[in-house]
């Protein structure tokens with residue numbers, strides 16, 4: 001274990017204000033974890049350095065992340081967390097600036113000729129209570145208040161200057177010269193002082209460079225529907241997150257305050273632009289505008305936008321070389337980073353809070369914060385980092401060919417549907433004799449980057465889709481052959497429900513009407529493999545099913 005000048009021989013000095021666990025960070029992950037721990041009697045100190053969260057990160061909910069929020073609330077008896085799964089309550093009780101998430105749009109563009117409606121897609125979200133674009137400053141402040149309500153102490157605007165472990169504690173020196181003692185520190189922020197205890201550095205999860213990411217917050221962004229009609233029977237593009245898929249990259253637009261504004265109103269929005277090469281320096285915004293200049297509709301949408309914050313390009317995917325030690329745990333943004341494609345940030349946060357809370361409470365009750373207690377989280381976060389890096393590379397390859405991107409996105413959609421149903425089933429089993437087995441199942445497969453069981457045939461299908469994109473990127477296959485291969489695998493898969501043309505590029509709109517739901521329930525009862533049947537029938541037609 002590395003030592004600093006703060007370390008002294010023997011046990012640490014006694015301090016009556018000592019905490020059980022210090023949670024470092026101002027993110028939703030940090031606040032949620034602090035609230036859960038405090039609710040169960042842990043003496044928690046939440047240290048928020050007060051550094052604003054980078055725009056574009058961790059703002060979009062999906063049914064999967066919403067069900068996980070409800071599960072965390074139920075399992076750990078913090079009912080307020082379930083409010084994150086209710087879009088109306090988010091806007092009325094937490095943040096009026098938070099937006100709605102009714103659709104996930106993929107607008108395909110070709111350099112010179114522009115928007116291609118024939119290969120674009122809209123995945124219109126089925127949701128029990130609506131999905132949201134969370135306005136982070138408001139939501140993070142609200143979550144800190146919940147933590148305080150349950151007994152956590154919170155300090156804002158302070159950072160850790162130095163950190164050291166003792167045999168029976170971890171000691172922190174804050175930048176205001178206060179010394180803090182605790183049994184354990186969980187860094188969900190990314191403190192250099194904490195990383196130095198582990199001699200941890202950031203590296204790429206795989207032996208390939210990841211796409212570079214530019215993020216910005218802008219004002220005055222009109223909805224894309226001003227230039228392109230939404231697809232058949234779909235909400236306007238600005239009613240959800242929009243991906244402009246360009247040649248070799250993607251620009252994600254996340255609008256806020258879009259619930260009640262007219263379609264012609266200009267919006268506050270977050271942007272993330274991912275591509276292999278990004279320009280650094282004073283002209284990052286000018287470089288971004290130059291990159292979209294070959295795409296007429298995107299160029300016009302951004303012509304009068306005013307940037308409020310523009311951040312230097314960063315590697316989108318990374319992992320800490322070491323993520324845990326005795327009394328020290330790096331979590332979420334301190335341990336790994338991934339591209340926000342496919343709403344990665346909030347789903348990752350929910351999974352990690354659910355798992356970390358259980359492990360930390362168990363360690364606290366046993367008085368044992370040895371590194372072995374964090375072994376599962378260590379494997380899970382490394383698996384997440386590797387998987388997210390691989391997905392980003394596959395998407396970068398697919399973005400050069402709209403049909404290939406379409407197939408990759410469809411297979412992802414199927415997976416997130418199964419993931420949401422898996423978590424919902426566990427939630428339905430809460431307070432029943434079967435809940436222990438259901439919760440144990442949410443600790444499967446950490447090396448694959450998930451904390452929940454993945455249906456084996458779907459796992460093989462997703463693996464095949466990623467492999468085809470990798471073969472295309474390496475020049476071992478054409479985009480046409482890769483697209484056809486994925487489509488053929490989807491058609492042959494027994495786990496694919498008749499709810500959407502997952503293998504049919506002409507089916508561009510995912511929307512769950514009553515007729516499709518009825519057809520899918522019939523298929524589940526009569527044809528679906530056992531694992532899929534159990535998930536679908538547990539959910540029911542509109543969430544009323546009984547878990548089995």
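The values are calculated or read from the model by the stated rules, or taken from the named source; none is laboratory data. What you see is a predicted model, and the numbers here were worked out from it, not measured in a lab. Don't worry about glycine lacking a Cβ; one is built from the backbone with ideal geometry, like all the others, and counts go over all protein chains shown.
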For the subset of the stretch 477-506 comprising residues that are in a helix (DSSP H, G or I) and touching a residue at least 24 places away in the same chain (Cβ under 8 Å), which member is surrounded by the fewest Cβ atoms within 10 Å (Cβ to Cβ)? 480
Could you tell me whether any residue of the stretch 358-373 is surrounded by 24 or more Cβ atoms within 10 Å (Cβ to Cβ), closer than 22 Å to residue 25 by Cβ, at pLDDT 95 or above and in contact with a helix residue (DSSP H, G or I) (Cβ under 9 Å, 6 or more places away or on another chain)? yes
Out of (1) in contact (Cβ under 8 Å) with a residue 60 or more places away in the chain; (2) touching a helix residue (DSSP H, G or I) at 6+ places or on another chain (Cβ under 8 Å); (3) surrounded by fewer than 22 Cβ atoms within 10 Å (Cβ to Cβ), the odd one out for residue 413 is which? (2)
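Conditions tested, residue by residue: (1) touching a strand residue (DSSP E or B) at 6+ places or on another chain (Cβ under 7 Å); (2) not assigned by TED's automatic domain parsing to the domain that holds residue 380.
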| position | (1), (2) |
| --- | --- |
| 302 | no, yes |
| 309 | yes, yes |
| 323 | yes, no |
| 347 | no, no |
Looking at 233, 176, 260, can you tell me which residue is modelled with pLDDT under 95, under 20 Å from residue 108 (Cα atoms) and either in contact with a helix residue (DSSP H, G or I) (Cβ under 7 Å, 6 or more places away or on another chain) or not in a strand (DSSP E or B) (or both)? 233
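Yes or no, residue by residue, for (1) at positive phi; (2) buried (at least 16 other Cβ atoms within 10 Å of the Cβ); (3) outside any loop (DSSP other than H, G, I, E, B):
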position: 466; (1), (2), (3): no, yes, yes
position: 475; (1), (2), (3): yes, no, no
position: 518; (1), (2), (3): no, no, yes
position: 541; (1), (2), (3): no, no, no
Give the stretch 146-156 a look and list any residue that's touching a strand residue (DSSP E or B) at 6+ places or on another chain (Cβ under 9 Å) and assigned to a helix (DSSP H, G or I), or say none. 147, 148
Could you please find all residues in the stretch 125-145 being assigned to a loop (DSSP other than H, G, I, E, B), at pLDDT 90 or above and closer than 21 Å to residue 188 by Cα? 134
Considering 484, 525, which residue is over 27 Å from residue 108 (Cβ atoms) and either in the same structural domain as residue 379 (by TED's automatic domain parsing) or at pLDDT 95 or above (or both)? 525
Checked against (1) touching a helix residue (DSSP H, G or I) at 6+ places or on another chain (Cβ under 8 Å); (2) closer than 29 Å to residue 439 by Cα; (3) not in a helix (DSSP H, G or I), residue 525 satisfies every condition except (3)
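One line per residue, one yes/no per condition, for (1) modelled with pLDDT of 75 or more; (2) part of a helix (DSSP H, G or I); (3) in contact with a helix residue (DSSP H, G or I) (Cβ under 7 Å, 6 or more places away or on another chain):
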residue: 12; (1), (2), (3): no, no, no
residue: 26; (1), (2), (3): yes, no, yes
residue: 31; (1), (2), (3): yes, yes, yes
residue: 35; (1), (2), (3): yes, yes, yes
residue: 58; (1), (2), (3): no, no, yes
residue: 82; (1), (2), (3): yes, yes, yes
Can you tell me which residue in the stretch 92-118 is modelled with the lowest pLDDT, limited to those that are more than 19 Å from the chain's Cα centre (by Cα) and surrounded by 20 or more Cβ atoms within 10 Å (Cβ to Cβ)? 95
Considering (1) closer than 30 Å to residue 200 by Cβ; (2) touching a strand residue (DSSP E or B) at 6+ places or on another chain (Cβ under 7 Å), say which one residue 268 fails and leave the rest. (1)
Going by what's in this entry, would residue 210 be described as in contact with a helix residue (DSSP H, G or I) (Cβ under 9 Å, 6 or more places away or on another chain) and part of a loop (DSSP other than H, G, I, E, B)? yes
For the stretch 428-461, what are the residues that are outside any loop (DSSP other than H, G, I, E, B) and surrounded by 19 or more Cβ atoms within 10 Å (Cβ to Cβ)? 428, 438, 446, 458, 461
